[in-house]
Amino acid sequence: MRAFVVTAPHTAHIQEVAAPVAKAGQVVVKIARVGICGTDVEFFNGSMPYLHDGQAKYPIRIGHEFTGTVVRLGPGVDQSWMGKRVVGDVMMGCGKCSRCTEGRQHTCQDRFEIGIRNGFDGALAEEMSIETRFLLELPNEIDETLGALVEPGANAWRVANAAMAAPGKRILIFGTGTIGLMSAQFCMAMGAEVHLIGVDPKQFPLALEVGAKSVNTDVQPIAGGYHVVVDCTFDPSIPAKAVESVEPGGRVVLIGVDDHAANINSRLLVFRDITVVGILSASPGLQNSIDYIKAGKVDLGMLVGATVGLDQAIDIFNGKRPAGAGVGPKILVDPAR
């Protein structure tokens, strides 16, 4: 089968590789759609921290925001899985340690991460294998495009949940990319008022279409201040700015990451009684994401700019938007094209 393989920084190829075999407890999924994520871009350009601390190495087959159909079963797998449309968790814990047994398998020290950590092959390919315990079935109301958005949507649901989004809450989100706009949607679905900060004014009309109360290039004071400030960027200066911008007694939610550590004034946290929450993974929010998408509480599909074939993926990683792409920041890949 064909797979997208990154062999060195800024170097990737479509390669013919062996088709996956379903081992005990596993199935093979025929991939329908894959989203290109900022983490994938970091592997492509070589900035991903896992490449520098030994948790990942080249060559690597990336891609983790996927949906597809089960086409082969491994030993011991219930026959009912055959033909199911599925999405999958990215973080795959050992299932035996205390973190896993306590429901925190996404923090397991020995976890695999699809297309990211410990050499587990990713979904930018025609097929991939995965254990059924990491799969969720897609309802008929969710098509392939929305299916590929479940995983990033789950990250955004976790942001809104950590922000304690609710009616009367005023939330400021740094970042008008995919996760920023998805987080805005989930926060608003929970009743909050959302304001956005971005660097590219061309994205502002979409942010307003999503439903943001305002969108600016810098923090603007509002009556009553911001109860929550969220960082959905790769800018290491933003966490400190978030702490400075939030109301006393408020919350700061961090999901954006950079390959440089961000400095935060811990004394300011104490003196202003601020709570800071870090979001690592979509894992605890996958079912919630499915439920919100199915119910129409969020419209994540409006964020998709284009869907391309596997052969065109290299252009996306090189920063070339497809001809005729819409304004949405998210690009999906259909490996069958």
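The values are calculated or read from the model by the stated rules, or taken from the named source; none is laboratory data. Computed from a predicted structure; not experimentally measured. Note that each Cβ is placed from the backbone with ideal geometry, even for glycine, and that neighbours are counted across all protein chains shown.
Could you grab me the full set of residues in region 150-195 that are more than 16 Å from GLU209 (Cα to Cα) and not hydrophobic (A, V, I, L, M, F, W, C)? Result: GLU151, PRO152, GLY153, ASN155, ARG158, ASN161, PRO167, GLY168, LYS169, ARG170, GLY191.
Of the helices (runs of 4 or more DSSP H) entirely within region 72-168, those holding at least 3 residues that are more than 16 Å from the chain's Cα centre (by Cα) occupy 98-101.
Let's see how each residue does on (1) among the small types (Gly, Ala, Ser); (2) surrounded by 15 or more Cβ atoms within 10 Å (Cβ to Cβ); (3) touching a residue at least 12 places away in the same chain (Cβ under 8 Å); (4) not assigned by TED's automatic domain parsing to the domain that holds MET188:
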site	(1), (2), (3), (4)
LEU73	no, yes, yes, yes
MET82	no, no, yes, yes
GLY88	yes, yes, yes, yes
CYS97	no, yes, yes, yes
CYS100	no, yes, no, yes
GLU126	no, yes, yes, yes
SER129	yes, yes, yes, yes
GLU144	no, yes, yes, yes
VAL159	no, yes, yes, no
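Applying the criterion of being aliphatic (A, V, I, L, M) and in contact (Cβ under 8 Å) with a residue 60 or more places away in the chain to the residues of region 38-69, the residue that is surrounded by the most Cβ atoms within 10 Å (Cβ to Cβ) is ILE62. Residues that are of a type in the set (Asp, Glu) and in contact with a helix residue (DSSP H, G or I) (Cβ under 8 Å, 6 or more places away or on another chain) within region 296-333 comprise just one, ASP299. Restricted to region 157-209, and to residues there that are modelled with pLDDT of 95 or more and among the acidic types (Asp, Glu), the residue that is nearest to PRO236 (Cα to Cα) is GLU193. Scanning region 1-16 for residues that are exposed (fewer than 15 other Cβ atoms within 10 Å of the Cβ) and not in a strand (DSSP E or B) yields PRO9, HIS10. Among the residues of region 196-216, those identified as farther than 19 Å from ASN161 by Cβ and not aliphatic (A, V, I, L, M) are GLY198, ASP200, PRO201, LYS202, GLN203, PHE204, PRO205, GLU209, LYS213, SER214, ASN216.
For PHE186, the stated conditions do not hold, so it cannot be described as in contact (Cβ under 8 Å) with a residue 12 or more places away in the chain, closer than 27 Å to ARG33 by Cβ and in a loop (DSSP other than H, G, I, E, B). Can you say whether ASP53 is of a type in the set (Asp, Glu), assigned by TED's automatic domain parsing to the domain that holds THR39 and within 26 Å of ASN140 (Cα to Cα), as far as the supplied structure shows? Answer is no for this residue.
Summed over region 261-287, residues that are surrounded by 19 or more Cβ atoms within 10 Å (Cβ to Cβ) and within 16 Å of the chain's Cα centre (by Cα) total 7.
Within region 289-299, being crowded, with 23+ Cβ neighbours inside 10 Å and either touching a strand residue (DSSP E or B) at 6+ places or on another chain (Cβ under 8 Å) or farther than 11 Å from MET182 by Cβ (or both) holds for one residue alone: ILE290.
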